[in-house]
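What follows is a single structure, written as C-alpha cells, with notes after it.
The values are calculated or read from the model by the stated rules, or taken from the named source; none is laboratory data. Quantities reported herein were computed from a predicted structural model and do not represent experimental measurements. No Cβ is skipped: glycine too gets one built from the backbone with ideal geometry, and neighbour counts run over all protein chains shown. The protein model used for the area step is the full one, side chains on, heavy atoms only, and it has no ligands, DNA or RNA in it. Shrake-Rupley method; radii C 1.70, N 1.55, O 1.52, S 1.80 Å.
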Amino acid sequence: MSKNPTKPSRHQTAQKALYLLAILSANAFVALFLSGASMLDWLTETRTMQPHNPQYANASLQWHISRPMRADHPWFDANVRAKDAINSLTRSQKKYMVIGLGERGGPCEGVTAAQPHINFKGFCLQDGPVGPRMIENITALPGHVNLAATFDRSLMVQYGEVLGTEFRKWGISVQLGPMMNLFRAPAAGRNWESPGADPYLAGVSASLIVRGVQSKGVIATAKHFIANEQEAFRTSSSSNVDMRTLMEIYMPPFEACIREGVGAIMCSYNLFNGEYACANNHLINDILKGPEIDFRGFVMTDWFASYSLTASDMVMAGRDNAGDTLGPDPLSVDGLDVADIPEERLNDMVERILTVYYHFRQDVDFPPHTFNAWIDRPKNVYNYNYEFKKNAIIAHRVGVAGTVLVKDDRRILPLKTASNLKLGIIGEDARLPRILNVEPGTAGGTLAHGTGSGTCEFPYIISPLEGITMRAKKQKGLQVLSYTENQDIAPARKVAQEADIAIVFQQANSGEGWDRKDLKLWAGGDDVIQAVADANKNTIVVLHTVGAVEMPWINHPNISAVIYGLVPGQETGAVIADILFGDSNPSGRLPFTVHKDRSEYAADVLYESKDTIPQIEYKEGLYFDYRHADKHNITPIFPFGHGLSYTDFKYSNLQVSRQTKSDPKSSLKVSFKIANMGKYDGHEVAQLYVKFPEAADEPPKLLKGFERVFVKVGKTVTVEILLEARELRVWLEGGWKYVAGEYEILIGASSRDIRATSVIKWG
Ligand code: BGC
C-alpha cells in the first residue's frame with residue numbers, strides 16, 4: 001500500500017504563509033479575509049496538509065474484529081437488525097458506507113451514500129458544538145467553556161436539546177460535537193470549544209450535552225479522540241502521554257459520553273504515543289473498543305485524518321478535495337486501498353454504523369436535509385428569519401449562568417441605579433462586529449465565539465452596548481456614554497472621566513488551526529483598561545476571552561469589579577446587561593485557573609520544532625491547572641472553580657455516609673446545608689473535592705462532584721451529592737485499583753475556598 005503525499009498548490013502555499021502571518025499577530029487574522037481566501041478554504045487547506053508517514057503504511061495489517069454485542073446491551077435489537085441488513089449489502093455498497101463522499105460531495109460537511117434497500121438514508125454530518133454550522137436560522141449558543149462554567153447539569157442537558165432540535169430540523173443525522181479536549185495549555189486555540197481543565201467536569205458537561213442531542217434522535221460525536229490539546233502541528237505531532245494520565249485525565253470525558261450512549265467518536269489528527277490516533281490499534285481496538293470501556297458506536301476520522309482502516313470505522317470526509325481518489329471499485333482514499341480490507345472487518349465497520357443508525361431510529365422518521373452548507377452567504381444579514389425563540393431563551397440562560405464574576409471588592413455590582421447616573425461603555429469589544437454571520441472576532445467587534453469549525457453563523461448578536469443601552473432605558477435618568485473602539489486612548493479616557501461608572505470591554509480570541517501567541521488581551525486591551533482605570537475610580541472590566549488572560553491591571557485600586565464573560569454566543573449583550581443590573585445574580589465558576597504569569601501554568605503550546613513529527617510530551621502528567629497549582633503551592637489570581645455572587649452563602653452540616661453500610665467500597669452520599677445570608681436570591685455552585693490517601697499518589701485534591709442550587713434570601717437548602725465509587729478508582733501498576741485508607745471530603749465554593757471537610761475510612 002502506498003501513501004500519496006499531498007503536494008500543496010501555489011495558492012495553498014500562499015494561503016499557508018498567510019496563516020503563519022496571522023498567528024504572528026493577533027490582529028493580522030483579518031488579513032485572511034482581506035486576501036479573499038475564505039475561512040473555509042483556509043481550514044480545508046490546513047486539514048489536507050498532512051504528512052503521510054511511511055511508517056504507518058502497513059498499520060492496516062492488524063485487522064481487528066469487535067466482540068459480539070451482549071444481549072443486555074441497550075443497542076442489542078438494533079445490532080441484530082444491523083447484522084441482518086449487512087447480509088444484503090454488496091462489498092461495494094459497504095465501502096460507500098464507511099467512506100464519505102468528500103467534503104463537498106453533498107450539501108453537508110460530510111455525507112455517506114444512502115442504501116435505500118436497507119432503509120439507510122446515508123449520513124449528513126455537520127459541525128458543530130455550538131449550533132449547526134454554515135446554515136442560517138439557527139441558534140448560536142455560548143461556547144462549551146461557558147456551559148462548563150455554569151456547573152449546571154440541567155442547563156447542560158437543555159443546551160444539548162437545543163442542538164438536537166436544530167440539527168434535526170435541518171435533517172442533520174450526525175452532529176460533530178461535543179468537543180472535549182482539555183485546557184492543558186492555556187493558549188491552545190480550541191480551548192473555547194472545550195469544557196475546561198478538569199476531566200470530571202468535562203465528562204459531566206459533555207455527556208449531558210450528548211443526552212440532550214441524542215434525545216432528539218440526532219447522533220452526537222465525542223471529539224477529538226485523543227490528546228489533541230493544541231493546534232500548532234495538529235496533524236503531524238505526537239502527543240506522548242503515560243497510561244495513568246491517559247486513563248485518569250484524558251479518557252474520562254470520553255468514557256462519560258460512552259456511558260451516556262454516544263453514537264460516534266471522532267479520532268483526532270495527531271499521533272498518540274507515536275502512532276496516528278486514527279490508526280492506533282492499541283488505543284482504539286484494545287482500549288476504546290476493549291472489554292472495559294466497550295465503545296459500541298463508530299469511530300470516524302477527523303476530516304482527512306485517515307491513515308488506516310484497522311481502527312476507525314468511517315473515513316471522513318472521504319474522497320479528498322483534489323479529485324477522484326474514490327473510484328467505483330476498488331476504493332482508495334488518502335492512499336488507503338480499501339480493496340485490501342478483509343470482508344469481516346468491513347462488516348464490523350458497517351455493523352457499528354448501522355447499529356447506531358437503527359438504534360436512533362433514523363430509518364423511521366428522520367427528516368431529510370434541506371440546506372446546502374456550501375453556498376455563499378451574505379455577510380451582513382442581521383436578525384432575519386429567526387424562528388427559535390425558545391432556544392434563544394436557553395442560550396440566554398446558559399450565557400447568564402456561565403458568566404463569572406471574579407472580583408467585586410467594593411461591591412460596586414449590581415449597578416446601583418440612582419438617578420442621573422452616567423455609565424461609560426468603552427472598548428471595541430462592546431460593539432457589534434462589522435461583518436456578521438462569519439466567525440465573529442475575526443472582523444472586529446465583540447467576541448461571541450472563537451473561530452474555526454467550532455463556530456456557526458449568527459442569526460443576530462446583541463452587542464454589549466446594545467444590551468446595556470436597552471436595559472438602561474428602563475431606568476429613569478440613566479445615561480449611557482460610549483467609545484467603542486480600542487484605537488485611541490484619548491476618547492476612551494474622556495468617556496471614563498465623564499462617567500460615574502466606567503465599564504470597559506476587552507477580548508482575546510483564538511480558534512481551530514491557531515493557538516494564541518500569548519495570553520494578553522488583544523488590540524492593546526491592557527492599555528485601554530489601565531487608562532480607563534486611571535481616569536475613573538469605579539471601573540468595571542468585562543472580558544470576552546477564549547480562556548485565561550494575564551491581568552496586569554488586576555490590583556489597580558480603581559478596578560472594582562471584573563467579569564469573565566468568555567464567549568457567550570448571540571445573546572451576549574443581553575446576558576451582560578442582566579448581570580450588571582442585577583436582573584440575574586451571577587453564579588458562574590471558572591472551569592480553569594487564571595495565573596498571573598504564563599510561566600506559572602504547567603504546560604504550554606509547543607510552537608516550534610524541527611522534527612518531522614514534533615513530540616508533545618505530556619510530562620506534567622496529572623498535574624496541570626489546579627492540580628499543578630495545589631501541588632506547587634502557587635497562588636493563582638483566580639483559582640479553578642472561583643466565581644462570586646451578589647449574595648453570601650454559608651455552608652454547614654457536612655455529612656458523609658456509605659450508600660451500603662456493609663460494603664467498604666460502596667458509593668458515598670455527601671450532604672450539607674447552604675444558607676443564603678445576603679441580600680439577593682441566587683445560585684450557589686457547591687463543589688466536592690476529594691483528598692485521596694497518601695498511597696494513592698494523587699494530586700492534593702480532585703473535583704468529584706458539584707451541584708448548582710438556588711437559595712432565596714434567608715433560606716437554607718440541603719444539598720446531596722452522590723460520590724460514585726468509580727470516581728475513587730486510581731490507575732496504579734497498569735490497572736484500576738481502590739486504595740484503602742482515609743479520604744478527605746472537601747466541600748467548597750472553589751478549589752481554594754473549602755468551607756467544610758470530613759474524613760472517612762473507605763476501601
Ligand atoms: C475539525 C473537526 C471538525 C471537522 C469537520 C476538522 O478540521 O478538527 O472538529 O468537526 O473538521 O469540519
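Things to note:
- The criterion of being more than 24 Å from HIS144 (Cα to Cα), free of Cβ contacts under 8 Å to residues at least 60 places away in the same chain, open to solvent by less than 50 Å² (accessible area, probe 1.4 Å) and part of a loop (DSSP other than H, G, I, E, B) holds for ILE634.
- Residue satisfying condition, being more than 16 Å from the ligand (Cβ to nearest atom), more than 29 Å from the chain's Cα centre (by Cα) and in a strand (DSSP E or B), within set ILE425, ILE412: ILE425
- The residues in region 564-608 that are touching a strand residue (DSSP E or B) at 6+ places or on another chain (Cβ under 9 Å) and of a type in the set (Ser, Thr, Tyr) can be counted, and the count is 5.
- When ASP648 is tested against the conditions (1) within 30 Å of GLU550 (Cβ to Cβ); (2) under 28 Å from the mean Cα position of the chain (by Cα), the lone failure is (2).
- Listed here are the strands (runs of 3 or more DSSP E) enclosed by region 204-311 that have at least 2 residues being more than 16 Å from the ligand (Cβ to nearest atom): 238-240.
- Filtered residues of region 207-240 (kept if under 15 Å from LEU622 (Cα atoms) and crowded, with 24+ Cβ neighbours inside 10 Å): ALA227, GLU229, SER239
- Residue in region 247-259 that is small (Gly, Ala, Ser) and more than 16 Å from the chain's Cα centre (by Cα) present: no
- Scan of region 449-478 for residues that are touching a strand residue (DSSP E or B) at 6+ places or on another chain (Cβ under 7 Å), open to solvent by less than 10 Å² (accessible area, probe 1.4 Å) and either free of Cβ contacts under 8 Å to residues at least 60 places away in the same chain or on the phi < 0 side of the Ramachandran plot (or both), ordered by number: GLY450, THR451, GLY454, PRO464, ILE468, ALA472
- Of the residues making up region 533-581, those that are open to solvent by 10 Å² or more (accessible area, probe 1.4 Å), without any contact (Cβ under 8 Å) to a residue 60 or more places away in the chain and assigned to a loop (DSSP other than H, G, I, E, B) number 7.
- Subset of region 463-487 [modelled with pLDDT of 95 or more and part of a loop (DSSP other than H, G, I, E, B)]: SER463, THR484, GLU485, ASN486
- Taken together, the residues in region 598-622 that are in a loop (DSSP other than H, G, I, E, B) and under 27 Å from ILE563 (Cα atoms) amount to 5.
- Matching option when the condition is closer than 27 Å to HIS117 by Cα, of a type outside the set (A, V, I, L, M, F, W, C) and either part of a loop (DSSP other than H, G, I, E, B) or modelled with pLDDT under 95 (or both), among PRO378, PRO328: PRO328
- One residue stands out among those in region 604-626 that are farther than 12 Å from ALA185 by Cα and in contact with a Leu (Cβ under 7 Å, 6 or more places away or on another chain): the one that is most open to solvent (accessible area, probe 1.4 Å), which is ILE613.
- Close pairs from region 74-97: first under 16 Å from GLY297 (Cβ atoms), partner open to solvent by 60 Å² or more (accessible area, probe 1.4 Å) and not in a helix (DSSP H, G or I), Cβ under 9 Å, at least 6 apart: PHE76/ARG70; ALA78/ARG361; ASN79/PRO68
- When the test is whether a residue is of a type in the set (S, T, N, Q) and in contact (Cβ under 8 Å) with a residue 60 or more places away in the chain, SER645 passes it.
- Per the listing ASP127, ASP152, the residue uniquely within 13 Å of the ligand (Cβ to nearest atom) and crowded, with 24+ Cβ neighbours inside 10 Å is ASP127.
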